Every structure is written in structure tokens, then in C-alpha cells.
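Structure, as C-alpha cells:
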Amino acid sequence: MSGKHKTPMLDELEKGPFPSFITEIKKARNSSAMPEMADDELGQLEKSYNSKRGYWKHGGIVGVLGYGSGVIGRYSSLPDEYPGVAHFHTYRINQPSGFFYTSKALKEICDIWDKYGSGLTNMHGSTGDLVLLGTTTENLETLFAEYSSRGWDLGGSGSAMRTPSCCVGQARCEWAMIDTMDICNTVTQHFQDELHRPAYPYKIKNKISGCACDCVAAIARADISVIGTWKGDIQINQAEVKKYADSGMDIQSDVIDWCPTECMSFDGSSITIDNSQCNRCMHCITRMTKALKPGKERGASILVGSKAPIVVGSLLSWVIVPFMKMESPYEEYIELLENMIEWWDDNAKPRERIGELIEVKGMRPFLEAIGVDPQPQQVYEPRKDPFFFWSESDFA
Amino acid sequence: MEQSELQDKIFAYLEKMKGKKKLKEKDIFKAIMAETGEDKATVKTALREMINVGRVMYSYGGGASSVEIPSEEYLKEKGLL
Amino acid sequence: MALPERQTDIGPPDYRQFLPPVIEKNYGKWSHHEILTPGTMVHYAESGDKLFTVRVASPRLLATDSIRELCNFAEEYCDGYLRFTTRNNVEFLVSDESKLEPLVAALKEKGHMIGGIGPRVSNVIHTQGWVHCHSACTDASGLVKAIMDDLHEYFTTKALPNKVRLAVACCVNMCGAVHVSDIAVVAVHRKVPVINDDAVKKACEIPTTIASCPTSAIRPNPKEKSVTINEEKCMYCGNCFTVCPPIEIHNPEQDGVAIVVGGKIGSLRTDPKFSKLAIPFFYNEPPRWPKVVAAIRNILETYAKNAKKHERVGEWIERIGWEDFFKQTGIEFTFQHIDDFTFMRDTLRTSAAFKY
């Protein structure tokens, strides 16, 4: 269909080489059974482009029976002007680990969405869910019956465990030290109740990356961050080192000179590594994967606390457990998760993230609650000032 | 205590607190356990049953989730009334 | 018509059913990969099997018909298998090498942007903006479109010293990795919120609203059963608006965007870093934000010209020093650049060794 709104500002954004989201919104009018939704979305957006403000309200009781997560209420603040978006709720589908799909599965999702929603999606949302943008309260139970009966459950939202997410991992990456997709799936299945029924003080996120490249931004964006790593010596294949050199790679300037701990050297034909000094940053391994492989004992570092700036500034996750084996069914990791979350749930104020709570309460109560010893790997340096607490247990 | 009696008490508590404080599940457990002497698991089961049928529902507002009594208007939209 | 029977607490479908056979067979047994072109790569398994990947840009906001079109490509060239990356690119998983070039040609013919692999700009992580968010003070999708139209060659062809990860957040809630991106845009407020006392009285819990302020700028206003805000203390973070929406933080004429730079996610070479403030403010200039686009190009090209191979933006800046970053980019240094909040102690210079 062609729309009822004139959108000269938005039409500008259909020009140029990068794919246009405006073209996408227009397109949804052709497939959705409710073309007025995408059309009024365009109309309201054009108004925003002129007035430089948004016209959305959110929240309230909106969801499917029994759940408190996965559907986010969204309403236009101008429902008379844009009735098609009077209700424009978000429906978050929990994505499969690693964002892998078959065309059959995706088409099935699309067919249902065109019938009961705007036809607009986000592939994917910031947390990882497959996000369906824009439906009505009336259609929610139908959508849930259609999707859940075909195996697609809702994701997290609100004060709940948020949908865990991971990098592509061992499905297609030689650097993945742990099976990120299996860990992600196992954790998601384990915490189904906590994901769908928001009973926590605030959100809590878990992301799993297979190596220090951290492609899922776990250290930046997850309260509980898992980074695959190893113990033991980097495995060197000197024949392959020579092949890299012969093929024209400047091993000294591309690899050796970038080693942050200066633990490597290259004598023109072979590489030597002082593994006792290696901090496992991955630079050398990513530059010459055929010649250098991580050590054989694989596991993960567990870091805790990262979040975006609201309220008292951004945090990156802090190392809590330097090394943990990560083997199916991941009992040790899940027990640690449960202990960390229980401490946070018992102690946090509303809307307080776990990193903020650790700042308020101190690292010691947290480590004691989860049964982890203090270790130098947890800090860049020890404290500078001579002010420190003693607890009765220190005198025992 | 009968499940239905416990649920009536939960409902009455939510009605009493309406507009005063946004309640999390935990707040409800605490108040009802104190009032009735029932344990947490029992209160939780009772509350979750009410949530499953839409007698009370999870809500979201002010940046956090809570449990509330749904409005008639919303129950009509949901086809529950 | 009767609905199918709903299921609860089943979680996501098992990912294994969506993996192409070559991945099932070689799961966890990949040896290495090669980047063939800016948009194609091949992964070699220890078994000798090969898996080709073609990556294309996506606006993230996709219509169902566009997803169907992507699926059609996957059906014709990849036995129906495709995936999305953590940065919202689309990846076609090609098991049959003979189908690689035809797929690339077919995608190009339909106007898809192929690229984003290796030392380049990949898809931009971004938030909902005016398209769908109540707290947005800019439009993230519009900014991304304008920025990527300008930088598209850095996605499809041109190489940089290393990857450059861009992000756009439409408010300081930052539902994207803006605080840890090489170059990012974040929308900011600059004016103290306006309080609608009557609505606050009806809709908000006063103690919760007071507690929401990170600088203790909110005081009770018992006369109105509302709150007041100390203008000198308010940093316009908008957290009070989140907790109590009748506290209106939006100010269309004075809201705009800042540019932050130097963030890094991975631990390669140097530790993960936060992004830091480069430019404190631009007015919103929809539909194409030309000044923001030009400022990002300037930062990106100054980096491209001066950074060493392998250096990320943040690593380059740390090597040359921030004082030299401002000099090289010609960006003005202002009061807003000096931290007077949580990171003040860490960021003020205590050494007399610096550059002019």
C-alpha cells in the first residue's frame, strides 16, 4: 500500500548505499495484516523528525498470562493522530544460541508476525532477543500460543534474568575455548522461572564469549561475564611459523612487538614464548592461528558487574573467578551463578545492579558469600590507602 | 489455611497497598508470611496461581517490575472479563 | 479458530537443529580461517572441510518481507542456513564452494552491502530512538543511516589499522555498547527537568523518586506532594524521569548528541577500555545530522592516517596522549571534558610530562 502520511524528512533516508530502515518500515505495510501499524509508525516518526522529540509511552500491565517478562508495553502518546500505533508493544522471542536459523524457521516466525503484528522486527535486540516491534494487547495471547506451540518462548525483560547471549563459539570459531552456545542454552533453560517472572531487584544479564576477543561484549554489557581462556603453554607449530614468515608476514612487527608482556621472541625462523609471563591476551594467536594455538587446559574467567552509565557511571566487569572448568552440564558455573544472584537478590535495593551493590557493600562480603578466595588476579593493584577493615574471622 | 483463603488475603493486601507502594513478589511474601504464618513456598504457590489466571499480574513502571491487580479495562482487552 | 496449545518455560529452541551439517560435523574442531574479501571468509576444519561465510550489512530494523528475501538467498545458495552476528550483520553459511561467487553476485545485484569483516567498520550497534522508545532524545536509526552512508567504503572495501566499532545510543541508558566503542554517539540532555507537580502526586512514589538521583539533587516538596530539583546539582541523567515519568527531561530544542571515542571490548594487547568524551554536543539535525557525520569522519580519518597497524582507536589515543588527540583532530577542549563526577581522581593529570 502507499501511505496516508507525507514523509519528506524520512524519504531523505531512503537515499544512499546503506540499507534503509525507512524502506523497511514502508515495506511492512505490504505484508502485515495490519498495514496501518507501520504506516502510522512512519507518520509519527516523521513528526518526531520535525519536532525533535519522541511520542512513546511505556510500561504498565502488559504481557501473557503467568509471565511478567518478554512483552514490553508501548503506546503512542498521540493515539488519536496515529491510531495504528495506539498499541505498539514489543514481543521479545528468546533467540537460539549463536543466532543460527534455518530459512524455514524464520519464515514461520514472519508468517505469524504478519498475521498478528506490524511486520517489523529487530534482528536482534541489544540483549540478544529476536525482537518483534509493534502489536496490540488483544493479540498477545494468540501470538504466545502460536509461537510457544512451535517451540519459541519469550525472552526476558523488567526486573528479571535477561535472555542470556553468546558469541558464535565452537560452531564456527577456532578461538573459542569453551562451548559458548551450549553454556548459553543450558543457563537459559536452567533459569526459565527467573527469566519469565520478574522477581529480582532489577535486571541481571549473562553473556558468554569464547575468548578474549569478547565478540558478545560480555565484559562491557553483562552483569555476569564469561570469557573463555586456557592454562598451560601456547602450542607452537614452528613449521607453520616459518610458512607465515615465508609468505611475507613481518612476525617481529606484526606479532612480537605487540605482545603486552614482552614474553615472545622471534629469531628469524622460530618463535619462543616464556609462557610464565603470558597474560593470554590473544593478539599473537589471532594473527597467526595456524602456528599458535592456546594451551590445552580450557576453561573460563568469570567477571562480574558491568553495566551502562545509569546511575552512578558505567562499569566494566571485574575478575572474580580467574579460572573455572566449563564442562557440560556446567554444574560448578550454575552453582556460582545461583550463589551470586542470591546474594544480590537478598541485599540489593530496587534498581540496583550487582556491580553497584558490590561497590556499596564491598568486595569482601560478596566473595565470602559466594565462597571465592581473594586472589591477585582480581585487582590491578592492591589498595593505596592504609584504611582497611578487619573482621572477627581474621583474628581467629 | 485453605489456598483460596490465602489468595483472598494476598488480594486484600494488594488492594490495601494500591497506589501506596509498588510491590515486588518478595514484599508480598514477607507481608503474607507475617500475617498468616504460612511458609514462603506456600505463599509463592498461592500467588503464582493467581498470576497464572490473571487475578493479579506482573506490571512494569518506574524502571522496575511489580505485582498489581489488573484494571477492568485491561481484563476486557485480554478477554478475561 | 482454536489456538494451538500454549507452552510455558520451554526456553529457546535447541540451536543444534539450526546448524548446517558441516558445522555439526566439525563443531569445536575448526583449525583456522582466512579473510578472502572484506565480506567473505573461509573457515577450515581440522578434517579439511571448509565453510564459507558471506556477511552483509543490515539496518537491524527489518520487515518480514526482507527476512523472507534473506531466507530465499539462504535457500538457493546455503541449503537454508543463515545466522546473524552479535553486531546484527547477516551471515550466509555456504558449504558448497561453487555457490560462493554466485551468491555474492546475486546479493550485489539486489543492492546488498557486502563487507564488515577484518580491519573495517562493521555494522553499527544502536538503540531504538524515536522509532520505538519513550526515553529517546535522538533517532538512532537515522544517525546510523547517515553515518554509514558516509562511511560505507570502510565497510565494503577500504581497510583501517584495525577494526573500528561504531555505536549509537539514543539516551544515556545506552542499550548498546556505546560506553565501550571505538567511536560512538550518545544522545544527551542539557536542561534541568520540568516537574508537573499534579502528575507527580498521582503517579510517583516520592521516596523512590528522591532516591533515584545520583547527585542527591531531588528534594521533597511536601506542599505539592511532589519534588523539587536543585539546578546546581542536576546532571540531566534522566533517571528521575525513568522512575517518575511526569518529571519531563526532554527538551527538544536543547537535547542533542555527544561523541565519545576510544572504547575497546576485547583484551587483545591492551585491556578493555571505556569510551571517553571527544565532543560534548551537537544539536539534533534530522534527517541527516551533517555535523555529526562530518565529525565522525574526521576522527576516523585522523585515526586511519596516524595509527599504527593493529592499533584500535583507544590504543592509538593512549599512545599519542589525549592532548595530542585533540590537537590532531582539531577538536576543541572544553569544561565538559574534565570529569567532575565519579572518575575525577583517575583522570586529572599529575605529571608535568605532557605534549603541546
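The values are calculated or read from the model by the stated rules, or taken from the named source; none is laboratory data. This is a predicted model, so every value here is computed, not measured. Here Cβ is always computed from backbone atoms with ideal geometry, including for glycine, and neighbour counts include all displayed protein chains.
Per-structure values
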item	result
Looking only at region B:33-66, and only at residues there that are touching a Pro at 6+ places or on another chain (Cβ under 9 Å) and more than 7 Å from chain A (Cβ to nearest Cβ), the one that is farthest from residue A:157 (Cα to Cα)	B:55
Failed condition for residue C:95, given (1) outside the structural domain of residue C:60 (by TED's automatic domain parsing); (2) touching a Pro at 6+ places or on another chain (Cβ under 7 Å)	(1)
Output for region B:2-61, where each listed residue is surrounded by fewer than 14 Cβ atoms within 10 Å (Cβ to Cβ), of a type in the set (Gly, Ala, Ser) and closer than 19 Å to residue B:75 by Cβ	B:12, B:19
Condition check for residue C:256: in contact with a Cys (Cβ under 9 Å, 6 or more places away or on another chain) and at pLDDT 95 or above	yes
Near pairs, Cβ below 8 angstrom, 6+ apart or cross-chain, from region A:323-343 (free of Cβ contacts under 8 Å to residues at least 12 places away in the same chain) to any residue that is assigned to a loop (DSSP other than H, G, I, E, B)	A:332/A:325
Some residue of region A:141-153 being under 22 Å from residue A:214 (Cβ atoms) and facing chain C (nearest Cβ under 9 Å)	no
In region A:1-47, the residues that are crowded, with 18+ Cβ neighbours inside 10 Å, among the polar types (S, T, N, Q) and outside any helix (DSSP H, G or I)	A:7, A:20, A:32
Where residue C:268 falls short, out of the listed (1) assigned by TED's automatic domain parsing to the domain that holds residue C:135; (2) touching a residue at least 24 places away in the same chain (Cβ under 8 Å); (3) buried (at least 21 other Cβ atoms within 10 Å of the Cβ)	(2)
Answer from C:229, C:218, C:206 - the residue that is touching a Cys at 6+ places or on another chain (Cβ under 8 Å), without any contact (Cβ under 8 Å) to a residue 40 or more places away in the chain and away from chain A (no Cβ under 14 Å)	C:229
Where a residue in region A:34-60 is more than 7 Å from chain C (Cβ to nearest Cβ) and its partner, wherever it lies, is outside any helix (DSSP H, G or I) and β-branched (Val, Ile, Thr), with Cβ under 6 Å and at least six apart	A:42/A:7; A:46/A:7
Only listed residue being assigned by TED's automatic domain parsing to the domain that holds residue C:260, within 30 Å of residue C:283 (Cα to Cα) and touching a strand residue (DSSP E or B) at 6+ places or on another chain (Cβ under 6 Å), chosen from C:136, C:146, C:140	C:140
Region A:159-194, subset within 14 Å of chain B (Cβ to nearest Cβ) and out of contact with any helix residue (DSSP H, G or I) (no Cβ under 7 Å at 6 or more places or on another chain), residue surrounded by the fewest Cβ atoms within 10 Å (Cβ to Cβ)	A:193
Top-ranked residue in region A:75-108 [being in a helix (DSSP H, G or I), more than 7 Å from chain C (Cβ to nearest Cβ) and touching a helix residue (DSSP H, G or I) at 6+ places or on another chain (Cβ under 8 Å); ranked as surrounded by the most Cβ atoms within 10 Å (Cβ to Cβ)]	A:85
Residue count, region C:1-18 (criterion: part of a helix (DSSP H, G or I), within 7 Å of another protein chain (Cβ to nearest Cβ) and free of Cβ contacts under 8 Å to residues at least 60 places away in the same chain)	1
Enumerated helices (runs of 4 or more DSSP H) restricted to region A:248-358, each holding at least 2 residues that are aliphatic (A, V, I, L, M)	A:331-347
Entirely in region C:19-73, the strands (runs of 3 or more DSSP E) that have 2 or more residues that are out of contact with any helix residue (DSSP H, G or I) (no Cβ under 9 Å at 6 or more places or on another chain) and facing chain A (nearest Cβ under 7 Å)	C:30-37
Scope region A:195-245; condition in contact with a Lys or Arg (Cβ under 6 Å, 6 or more places away or on another chain) and either of a type in the set (A, V, I, L, M) or within 14 Å of chain B (Cβ to nearest Cβ) (or both); matching residues	A:202, A:203, A:216, A:218, A:222
Count of region A:291-310 residues which are more than 18 Å from the chain's Cα centre (by Cα) and buried (at least 18 other Cβ atoms within 10 Å of the Cβ)	6
Residue in region C:127-139 that is among the aromatic types (Phe, Trp, Tyr) and more than 7 Å from chain A (Cβ to nearest Cβ) present	no
